[in-house]
1. Does Leu249 satisfy the condition of being assigned to a strand (DSSP E or B) and either open to solvent by 20 Å² or more (accessible area, probe 1.4 Å) or without any contact (Cβ under 8 Å) to a residue 24 or more places away in the chain (or both)?
2. Considering only residues that are of a type in the set (Phe, Trp, Tyr) and not in a loop (DSSP other than H, G, I, E, B), look in region 1-37 and name the one that is nearest to His257 (Cα to Cα).
3. In this structure, does Lys8 turn out to be more than 26 Å from Lys195 (Cβ to Cβ), open to solvent by 30 Å² or more (accessible area, probe 1.4 Å), of a type outside the set (Phe, Trp, Tyr) and out of contact with any Gly (no Cβ under 9 Å at 6 or more places or on another chain)?
4. Give me a count of the residues in region 228-248 that are more than 17 Å from the chain's Cα centre (by Cα) and over 16 Å from Leu140 (Cβ atoms).
5. Mind listing whichever residues of region 211-223 are more than 17 Å from His98 (Cα to Cα) and open to solvent by 20 Å² or more (accessible area, probe 1.4 Å)?
6. Filter the helices (runs of 4 or more DSSP H) completely within region 38-145 down to those with at least 3 residues that are free of Cβ contacts under 8 Å to residues at least 40 places away in the same chain.
7. Give His98, His57, His62, His50 a once-over and let me know the one that is crowded, with 24+ Cβ neighbours inside 10 Å and within 16 Å of Leu271 (Cα to Cα).
Amino acid sequence: MPYVTVGKENSGNIDLYYKDWGRGQPIVFSHGWPLSADDWDAQMLFFGQHGYRVIAHDRRGHGRSTQTWDGNEMDTYSDDLAVLFETLDLKDAIMVGHSTGGGEVGRYLGRHGDKRVAKAALISAVPPLMLKTEKNPGGLPNSVFDSLRAALAANRSQFYKEITLPFYGYNRPGAKISEGIREHWWLQGMLGGVKAHYDCIKAFSETDFTEDLKKIDIPVIVMHGDDDQIVPIGAAGLMSAKILKKATLKVYPGFPHGMPTTNADQINADLLAFIKGATVATTA
């Protein structure tokens with residue numbers, strides 16, 4: 001399996017697992033917490049079949065990458081991603097980030113620039129800031145994230161089973177539940193390291209990406225469901241679209257946080273249209 005070394009810890013190298021399939025313009029996918037590159041199955045197959053080179057890595061501490069004790073924060077995540085970009089010598093890439101991965105995309109562009117990147121997509125993404133503060137009154141209180149940490153520490157396996165319900169909107173009346181999707185989420189989560197996942201809650205909730213978004217000069221599509229129970233749209237997608245210089249905002253009525261999986265056909269079609277430069281309607 002392909003790995004890239006991004007640093008060292010006490011036990012040796014920190015290696016990131018990645019997939020690199022197909023040929024053509026590269027699309028680089030950054031996954032959400034606490035998942036892996038496998039969460040992009042529906043997108044990597046679709047875009048690979050449409051003539052793109054599709055690349056996705058397991059973030060440090062996640063999936064098949066090294067289970068790290070340190071460095072589980074956004075600056076390091078973006079630096080790790082920069083090593084992958086440089087190792088593969090990617091150019092004219094499309095960056096796509098879901099949830100925490102959207103934060104990783106924002107921090108990468110703010111910290112490393114867009115010399116290798118043509119466009120980006122933020123899907124159900126955490127920027128500009130999830131945490132409620134005086135300057136961000138629409139965010140969520142820290143008690144929400146404390147409860148996530150407590151549940152993870154007490155019984156990670158059970159917690160990961162239960163969170164799939166709001167993640168995919170399966171707790172809504174009339175929802176058609178896929179146990180296969182729930183089990184796939186759980187499996188991805190349990191492959192990663194508990195310390196990295198614990199730390200990542202702070203990374204995705206407390207990191208302020210406002211200044212990163214202000215620096216981004218390339219076109220960015222912001223895609224968010226208005227029934228997102230994990231990253232509520234008000235302090236996330238709607239705010240990011242106001243800050244970004246060249247934003248296209250697409251709001252999906254009733255779509256859940258995990259819409260790249262539950263609504264893959266529409267997400268893929270809209271993302272393809274954006275990449276090709278076509279007009280994307282502002283609502284689904």
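1. Against the criterion (assigned to a strand (DSSP E or B) and either open to solvent by 20 Å² or more (accessible area, probe 1.4 Å) or without any contact (Cβ under 8 Å) to a residue 24 or more places away in the chain (or both)), Leu249 qualifies.
2. That would be Phe29.
3. Details: more than 26 Å from Lys195 (Cβ to Cβ): no; open to solvent by 30 Å² or more (accessible area, probe 1.4 Å): yes; of a type outside the set (Phe, Trp, Tyr): yes; out of contact with any Gly (no Cβ under 9 Å at 6 or more places or on another chain): yes.
Considered against the rule, which asks whether it is more than 26 Å from Lys195 (Cβ to Cβ), open to solvent by 30 Å² or more (accessible area, probe 1.4 Å), of a type outside the set (Phe, Trp, Tyr) and out of contact with any Gly (no Cβ under 9 Å at 6 or more places or on another chain), Lys8 comes out as no.
4. Total meeting the criteria: 7.
5. Across region 211-223, the qualifying residues are Glu211, Lys214, Lys215, Asp217.
6. By residue number, 41-49, 74-88.
7. His98
Residues are listed down the side, and each one gets a yes or a no for (1) open to solvent by 10 Å² or more (accessible area, probe 1.4 Å); (2) over 21 Å from the mean Cα position of the chain (by Cα):
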| site | (1), (2) |
| --- | --- |
| Leu88 | yes, no |
| Val105 | no, no |
| Arg111 | yes, no |
| Glu134 | yes, yes |
| Asn155 | yes, yes |
| Pro166 | yes, no |
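The values are calculated or read from the model by the stated rules, or taken from the named source; none is laboratory data. As the structure is a prediction and not an experimental result, all values here were calculated from the model. So basically every Cβ, Gly included, is an ideal-geometry build from the backbone, and we count neighbours across all protein chains shown. What goes into the accessible areas is simple: the full protein's heavy atoms, side chains included, and nothing from ligands, DNA or RNA. Shrake-Rupley method; radii C 1.70, N 1.55, O 1.52, S 1.80 Å.
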